[in-house]
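This report concerns only the one structure given below.
The values are calculated or read from the model by the stated rules, or taken from the named source; none is laboratory data. Just so you know, these numbers come straight off a predicted model, no measurement behind them. Counting neighbours? That spans all protein chains shown, and the Cβs are built from the backbone with ideal geometry, glycine included. For accessibility, only protein heavy atoms count, side chains too; no ligands or nucleic acids. Shrake-Rupley method; radii C 1.70, N 1.55, O 1.52, S 1.80 Å.
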Number of protein chains: 2
Amino acid sequence: MKRTHLFIVGIYFLSSCRAEEGLNFPTYDGKDRVVSLSEKNFKQVLKKYDLLCLYYHEPVSSDKVTQKQFQLKEIVLEHWQISQWWLHFQTPREEGKMKLLELSESADGAAWKRWGGNSNTHRIQLVAQVLEHKAIGFVMVDAKKEAKLAKKLGFDEEGSLYILKGDRTIEFDGEFAADVLVEFLLDLIEDPVEIISSKLEVQAFERIEDYIKLIGFFKSEDSEYYKAFEEAAEHFQPYIKFFATFDKGVAKKLSLKMNEVDFYEPFMDEPIAIPNKPYTEEELVEFVKEHQRPTLRRLRPEEMFETWEDDLNGIHIVAFAEKSDPDGYEFLEILKQVARDNTDNPDLSILWIDPDDFPLLVAYWEKTFKIDLFRPQIGVVNVTDADSVWMEIPDDDDLPTAEELEDWIEDVLSGKINTEDDDEDDDDDDNSDEEDNDDSDDDDDE
Amino acid sequence: MKRTHLFIVGIYFLSSCRAEEGLNFPTYDGKDRVVSLSEKNFKQVLKKYDLLCLYYHEPVSSDKVTQKQFQLKEIVLEHWQISQWWLHFQTPREEGKMKLLELSESADGAAWKRWGGNSNTHRIQLVAQVLEHKAIGFVMVDAKKEAKLAKKLGFDEEGSLYILKGDRTIEFDGEFAADVLVEFLLDLIEDPVEIISSKLEVQAFERIEDYIKLIGFFKSEDSEYYKAFEEAAEHFQPYIKFFATFDKGVAKKLSLKMNEVDFYEPFMDEPIAIPNKPYTEEELVEFVKEHQRPTLRRLRPEEMFETWEDDLNGIHIVAFAEKSDPDGYEFLEILKQVARDNTDNPDLSILWIDPDDFPLLVAYWEKTFKIDLFRPQIGVVNVTDADSVWMEIPDDDDLPTAEELEDWIEDVLSGKINTEDDDEDDDDDDNSDEEDNDDSDDDDDE
């Protein structure tokens, strides 16, 4: 073992920039692994994979040249500098030049903004490459050419990514980054139910506090009630964690009766035993749906947009706390206390954001909300215009007590504290408000 | 508060693809925020910022056209498809076409591999944009044109990113992704020492187990000994965490004497009190450097390459365990036990990798090491050729005990288990070994 060998694993060596092996980040190799889906190849493609990812994209002409344009356009728009150039290209097949894009510095970035520098197809290609040896397929669905198919599949939002698993359709509504998507898909191909069979695993189960989790005690894998539980789990995978045990000792430790399922809200010590055991799949699904919005929840990259859109009356109560930082940890503990005291209030759902989970958004949030994210913060955000008010926390060595937080939250829920009273700083607010009020997406006036 | 307003924050609306506000991921806006550093502007640029990031890149001609070529080349290489095309471009300033790149499918990807799809300058541009309102500067250092400056700054590896903070030079040796880099830089502008002042903060401190951490008890911020501690902290920021308290209660809880500093190895319950208090900055730095390689350490994106290169005799003992998964959690607990029992063995440093931290590498590791990362794994990896042997774990409901793990590790350290005995599967190993042995980077024969 003392002698080190130099057998070169060719491909790794080539694709690596390092002297040492074992840490090669994938870069897209250019192979096209994403086929276009049509009603013709649909069935055949579908049965080839356990999991099928469909990217529902804006209409693109089918001829090769325009497809290249589509790809290149995305790339160019991802890298705005080039848009200051006139780009031409030609192919071996095809003589003469074709103008690809005519953006110039004078184009004031409108086209750019419209596209938002989108290069999702490239991210999907990379993900497809990374997951090549898993049974996951990747296809494109053209919004115009495959309108009928899209309708049949229930696709509505162009630029969305949908995943078909069995007869279930899951929309990926998270951060469109390769690593987030890969993790999401890997979670989806795992078993929907995790089995707990030892003391240490119980400990692990108890440490999971920032997810909704359920655990059931069943006779065995063959129990019809376990099967119903497993079926129910698939409805919520990977967002909600389902656990089961067949071990009397474990069940005792968690005070679970045979065929009973306990529901744990995030950050709560005590579970709710789901009433009227044993349950059918439908009963379980219904119960979870009813209790799906917790009093305190963590914002996660893999479902961030879905969560953000699940606002209450057009607002979110947002708390920023960096768990790995002592002040942030302390603030989070206080938040949990508040959540536990108010778990029965259906109008309260505090959104906890750990800035460490969203490094690229920290500066944006600081600018948008005019706050310092190096310290804990709690505020109300109007999701329509990102207007916000934040609690005064004069010193992070003197954080508000649970009581002070509860009073503040009461004032928010009663409307005494709201995002409109501080509007001297964005003056045109009140005017534009009058005119535009009617075309507000989630206008909650009554 | 019940009335939702529709005041549109123009820019956010434009750059957003969502109906709702508050979650806009930045996309590079194309503004060039990264200046080229020269000996002329060096001093002036340096004093403008608290933190200066320098990207030490391959030589590029200074004329605008070639710079564009450089940028465009990176982009093209990032998106291999286009390399199947012949790309031409022209500028208003400049008549006629210029061939940019002549890669074709037949070019068998050599140029592509050589570049590794590098587009670091774009990542840096995005990071510079995201951190625009922080006092962080971003510059390019041309390896050829600024050879003298680079030498003076001690830059050696082209394509590396260096950060100047005060009189300290830090090489960023982590995953070259925008989010990882942003978080790294944000950590660097925080205070080097975190003050612990309450019970809950002590709890937070105690929960940090996967970093090397130090905590000292001092009279006040003005104490010369605290100042020495703070100076020492800056040498290791952000990799090693430094804490201090001025509170008798906290000190008592951590059984710290005045001016004493305790050193915590990752995953160890008991700290080592650094001998001979009070200490000078140098004494602290020296002690940390001596104890810098722990018995069990976690691989982190922000320092992954540095860690990987810190092998023992050309190998790493690598353990894969997903902490959020019950089996993974259980395995990690067993690993901690082993580490605690063997903390005095200088030849032992187990590298724990949580697959959740590296979604893009999971499939690559599974292929390279021929293992299933949905379950815990431990093995020996030869860092020169990524050749590896893995412990037999027949069933993840029946993980090895601490004792079994220790026996296995002993066999590894004694060479009884090594990466060369299983080499039937890569046959040409032994031949290539003979010829190539001499030009091995880290050949440890003696």
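All of A:Phe205, A:Phe176 fail the test of being assigned to a helix (DSSP H, G or I), touching a helix residue (DSSP H, G or I) at 6+ places or on another chain (Cβ under 7 Å) and of a type in the set (Phe, Trp, Tyr), apart from A:Phe205.
Assess whether B:Leu296 counts as being farther than 13 Å from B:Ala228 by Cβ and among the aliphatic types (A, V, I, L, M). Yes, satisfied. Going by the conditions given, is B:Asp327 within 30 Å of A:Glu132 (Cβ to Cβ), over 26 Å from the mean Cα position of the chain (by Cα) and at the interface with chain A (Cβ under 8 Å from one of its Cβ atoms)? Yes; evaluated as a whole, the condition is true for this residue. In this structure, A:Lys144 does not qualify as assigned to a helix (DSSP H, G or I) and either aromatic (Phe, Trp, Tyr) or surrounded by fewer than 20 Cβ atoms within 10 Å (Cβ to Cβ) (or both). Taken together, A:Glu286, A:Glu281 contain a single residue that is more than 27 Å from A:Leu335 (Cα to Cα), open to solvent by 60 Å² or more (accessible area, probe 1.4 Å), modelled with pLDDT of 95 or more and of a type outside the set (Lys, Arg), which is A:Glu286. Only one of the numbered conditions (1) away from chain A (no Cβ under 12 Å); (2) closer than 29 Å to A:Ile208 by Cβ; (3) buried (at least 20 other Cβ atoms within 10 Å of the Cβ) is not met by B:Phe369, and that is (1).
Filtering region A:102-139 to residues that are in a helix (DSSP H, G or I), modelled with pLDDT under 65 and not basic (Lys, Arg) leaves A:Glu105, A:Ser106, A:Ala107, A:Ala110, A:Ala111, A:Trp112, A:Trp115.
Checking each residue in region B:344-364 for being at pLDDT below 95 and among the β-branched types (Val, Ile, Thr) picks out only B:Val362.
Restricting A:Ile350, A:Ile315 to residues that are more than 11 Å from chain B (Cβ to nearest Cβ) and either within 30 Å of B:Ala244 (Cα to Cα) or buried (at least 19 other Cβ atoms within 10 Å of the Cβ) (or both) narrows the list to A:Ile350. Among the residues making up region B:234-265, those that are farther than 23 Å from B:Leu186 by Cα, out of contact with any His (no Cβ under 8 Å at 6 or more places or on another chain) and assigned to a loop (DSSP other than H, G, I, E, B) are B:Phe246, B:Asp247, B:Leu254, B:Ser255, B:Leu256, B:Lys257, B:Met258, B:Asn259, B:Glu260. You will find that of A:Leu149, A:Leu153, A:Leu131, A:Leu186, the residue that is more than 18 Å from the chain's Cα centre (by Cα) and within 14 Å of chain B (Cβ to nearest Cβ) is A:Leu131 and no other. Those residues that are over 12 Å from A:Leu131 (Cβ atoms) and in contact (Cβ under 8 Å) with a residue 60 or more places away in the chain, I need them from region A:173-186; list them, please. Correct list: A:Asp173, A:Gly174, A:Glu175, A:Ala177, A:Val180.
Scanning region A:210-222 for residues being touching a helix residue (DSSP H, G or I) at 6+ places or on another chain (Cβ under 9 Å) and without any contact (Cβ under 8 Å) to a residue 60 or more places away in the chain gives a total of 8.
Looking at the structure I just gave you, is A:Phe217 open to solvent by 10 Å² or more (accessible area, probe 1.4 Å) and either touching a Pro at 6+ places or on another chain (Cβ under 6 Å) or away from chain B (no Cβ under 14 Å) (or both)? So A:Phe217 fits the description; yes.
If we keep just the residues of region A:390-423 that are open to solvent by 30 Å² or more (accessible area, probe 1.4 Å) and among the β-branched types (Val, Ile, Thr), which is nearest to the chain's Cα centre (by Cα)? The selected residue is A:Ile417. Considering (1) within 16 Å of A:Arg300 (Cα to Cα); (2) at the interface with chain B (Cβ under 10 Å from one of its Cβ atoms), say which one A:Glu171 fails and leave the rest. Looking at each condition in turn, A:Glu171 falls short on (2).
If only residues of region B:374-403 that are hydroxyl-bearing (Ser, Thr, Tyr) and assigned to a loop (DSSP other than H, G, I, E, B) are counted, the one that is nearest to the other protein chains (Cβ to nearest Cβ) is B:Thr384. Taking region B:147-169 as the search range and keeping residues that are part of a loop (DSSP other than H, G, I, E, B) and of a type in the set (D, E, K, R), which one is least open to solvent (accessible area, probe 1.4 Å)? Selected residue: B:Glu157. Within region A:292-302, the set of residues being open to solvent by 30 Å² or more (accessible area, probe 1.4 Å), touching a residue at least 60 places away in the same chain (Cβ under 8 Å) and either under 18 Å from B:Asp357 (Cα atoms) or among the basic types (Lys, Arg) (or both) comprises A:Arg298, A:Glu302.
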